[in-house]
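The block underneath contains the structure these notes are about, expressed in structure tokens.
Every read-out reported here was derived from the displayed coordinates using simple, explicitly stated rules and does not represent laboratory data. What you are looking at is a predicted structure, and each value in this text was computed from that prediction instead of being measured. Heads up, the Cβs are rebuilt from the backbone with ideal geometry, glycines too, and the neighbour counts pull from every protein chain shown.
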């Protein structure tokens with residue numbers, strides 16, 4: 001698929017098999033890097049799970065907060081974070097899935113990551129994460 005998508009980059013008169021082999025090699029190396037990152041993350045999770053029970057409960061709370069913060073992200077930011085950060089898609093694959101450009105995906109991803117970090121630190125005061133004020137009717141009912 002990648003060779004067909006980039007066929008315009010192949011130069012006639014050069015060795016087609018070598019060009020295709022290079023594409024396959026680069027894809028394999030990228031997959032190895034991705035699996036190494038996944039293995040490292042899984043090792044960290046396994047180490048954390050085998051540690052004290054309080055750490056496990058803290059991780060559960062952190063995961064709960066992260067899930068809630070992820071749900072409150074705008075749709076494009078949430079999609080970019082899930083496609084790239086969770087599913088491990090490339091920027092090109094995420095752009096195709098989202099129906100937008102790679103630049104827009106990078107922007108959505110960066111903004112989404114920053115909003116998640118701020119939400120988990122408790123420092124994001126923008127509307128989806130800010131404490132919601134009580135409605136006047138509820139506030140008046142509480143005065144009785």
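A few points about this structure:
- Coarse-grained scattering of segment 53-123 at q = 0.18, 0.24, 0.27, 0.28 Å⁻¹, given as base-10 log I(q)/I(0) from a Debye sum over alpha-carbon atoms: -0.67, -0.98, -1.13, -1.17
- Summarising the label geometry, the points placed 7 Å from Cα in the beta-carbon direction at residue 15 and residue 62 lie 4.9 nm from one another.
- Residue order for 102, 86, 81, fewest other beta carbons within 10 angstrom first, comes to 86, 102, 81.
- Segment 1-82 shape via C-alpha gyration tensor axes, a/c threshold 1.5: oblate
- R0 of 30 Å, Cβ-Cβ distance residue 92-residue 46: FRET efficiency to nearest 0.05: 0.40
- Förster radius 35 Å - calculated FRET efficiency between residue 107 and residue 32, Cβ distance, rounded to 0.05: 0.80
- For 108, 8, order by how many other beta-carbon atoms lie within 10 Å, fewest first: 8, 108
- With neighbours defined as other Cβ atoms within 10 Å of a residue's Cβ, the residues 72, 37 order from fewest to most as 37, 72.
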